[in-house]
Amino acid sequence: MFIYNYVLSDKSEMYYHFDQIFHKESICFLDIETTGLNKNKSHIYLVGLLSFDPISSHWNITQYFAEGLGEEEKILKYTNESISKFKTLITFNGESFDIPFINHRMSKYSIKSNMDNLSSFDIYKQIKKDSLFLNLENYKLKTIEKSLGIHREDPFSGKECIDLYYKYQKSKKKCILDVILKHNYDDLYYLIDVLNIFDLILEAKRLHIIRNEDKIEVEIENMYSDGDMFNIVCKTSKADNIAYFGSFFNIRWEDRSLFINFEHNMGLITPTKKCAFVDVSSWGLEDKIKDKSDYLTPENIILLKVEDKYELDNIKKIMKELISIA
């Protein structure tokens, strides 16, 4: 078994609002490499941990690497001991893969897992919850990294690393080992930067309005169509009590919860793409609300959604105008 330690002198800050939620010293990022997806038959051959050292004020990566499959138990014991001093595990899709895989493999060796004593923050799960505010092709780690301007040097996937691991077992070539370690290292190294995605989500969800000379922050929590009605659910930074039922929209503002709904239409924006839209000429607001999407639309047509992509700039502008009327 090999143990590798790296000090990340260029990573000193956390992104998003994690410092307000977690103490850096109490969290640990985790990523594993396995010989397959079947936790009954496959083995864990590499565990990577990223944690903060309060003494040096630097992030550190530790990797436990099994030179052969017979060393799986050993790297699991080291991992189990290492995570015991933390309170929260941060992973990417770890609640579906890494954590249950580790627990199952530990049970095989009668190791009492410390995973149960830690809370979990799964970046992938949190992003999926707010997927309507992101316009990504998919939610794979490398896709998210690319959207944030993160470009890795590592060209390999976890699946490709399995073949490399078996090649390494036969050849023991350092160049192959370095590639495997680099893949796991990069997964961990960039997870801190991936947290930036939550800043983008918050920015996409939020807008500010002026009401009775007060600046109020409105955060969209959900949007959905129900028949011919388009519904927006929000929370606000200031409590209010409004019930407005107009000819083309309704608003209910109860304490810090805000509900907006209005009629909308469905159609085609291209011969193959479905869209949801409103005709603001029927509202008398065609001079105040303009379509900001990338599509060419008549002046009175404002797109709300094209296929699965919400047109958030348009939706926010509509919200501001409707709230000002209520």
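The values are calculated or read from the model by the stated rules, or taken from the named source; none is laboratory data. These numbers were taken from a predicted model, which means no experiment stands behind them. Methodologically, a virtual Cβ is constructed for each residue, glycine included, from the backbone with ideal geometry; neighbour enumeration extends over all protein chains shown.
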Filtered residues of region 224-242 (kept if of a type in the set (A, V, I, L, M) and either at positive phi or at pLDDT below 95 (or both)): Ala239, Ile242
Residue hits (region 257-267; surrounded by fewer than 14 Cβ atoms within 10 Å (Cβ to Cβ) and either in contact with a Ser or Thr (Cβ under 9 Å, 6 or more places away or on another chain) or not assigned by TED's automatic domain parsing to the domain that holds Lys316 (or both)) are Met266
Criterion: small (Gly, Ala, Ser) and within 26 Å of the chain's Cα centre (by Cα) - qualifying residue of Ser324, Ser257, Ser281, Ser247: Ser257
Going through Lys142, Lys170 one at a time, which residue ends up being assigned by TED's automatic domain parsing to the domain that holds Asp53, under 15 Å from the mean Cα position of the chain (by Cα) and assigned to a helix (DSSP H, G or I)? Lys142
Given the structure, is Lys108 among the charged types (D, E, K, R) and surrounded by 15 or more Cβ atoms within 10 Å (Cβ to Cβ)? no
Do we find that His151 is outside the structural domain of Val278 (by TED's automatic domain parsing), exposed (fewer than 13 other Cβ atoms within 10 Å of the Cβ) and either basic (Lys, Arg) or within 29 Å of Asn5 (Cβ to Cβ) (or both) in this structure? yes
Residues in region 184-198: is at least one over 30 Å from Tyr45 (Cβ atoms) and exposed (fewer than 14 other Cβ atoms within 10 Å of the Cβ)? no
Just one of the numbered conditions (1) under 20 Å from Lys182 (Cβ atoms); (2) surrounded by fewer than 18 Cβ atoms within 10 Å (Cβ to Cβ); (3) out of contact with any helix residue (DSSP H, G or I) (no Cβ under 8 Å at 6 or more places or on another chain) is not true of Leu8; which one? (3)
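Can you confirm whether Ile75 is in contact with a Gly (Cβ under 7 Å, 6 or more places away or on another chain), under 15 Å from Ile3 (Cβ atoms), crowded, with 18+ Cβ neighbours inside 10 Å and in the same structural domain as Ile144 (by TED's automatic domain parsing)?
No, not satisfied.
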Quick one: Ser324 ticks every box in (1) small (Gly, Ala, Ser); (2) within 27 Å of Leu200 (Cα to Cα); (3) in a strand (DSSP E or B) bar one, so which box is it? (3)
Against the conditions (1) at pLDDT 95 or above; (2) closer than 19 Å to Lys142 by Cβ, where does Tyr190 fall short? Just the number, please. (1)
Give the residue, chosen from Ser120, Ser107, Ser96, Ser82, that is among the small types (Gly, Ala, Ser) and part of a loop (DSSP other than H, G, I, E, B). Ser96
Criterion: within 30 Å of Ile315 (Cβ to Cβ), assigned to a strand (DSSP E or B) and of a type in the set (A, V, I, L, M, F, W, C) - qualifying residue of Ile209, Ile150, Ile197: Ile209
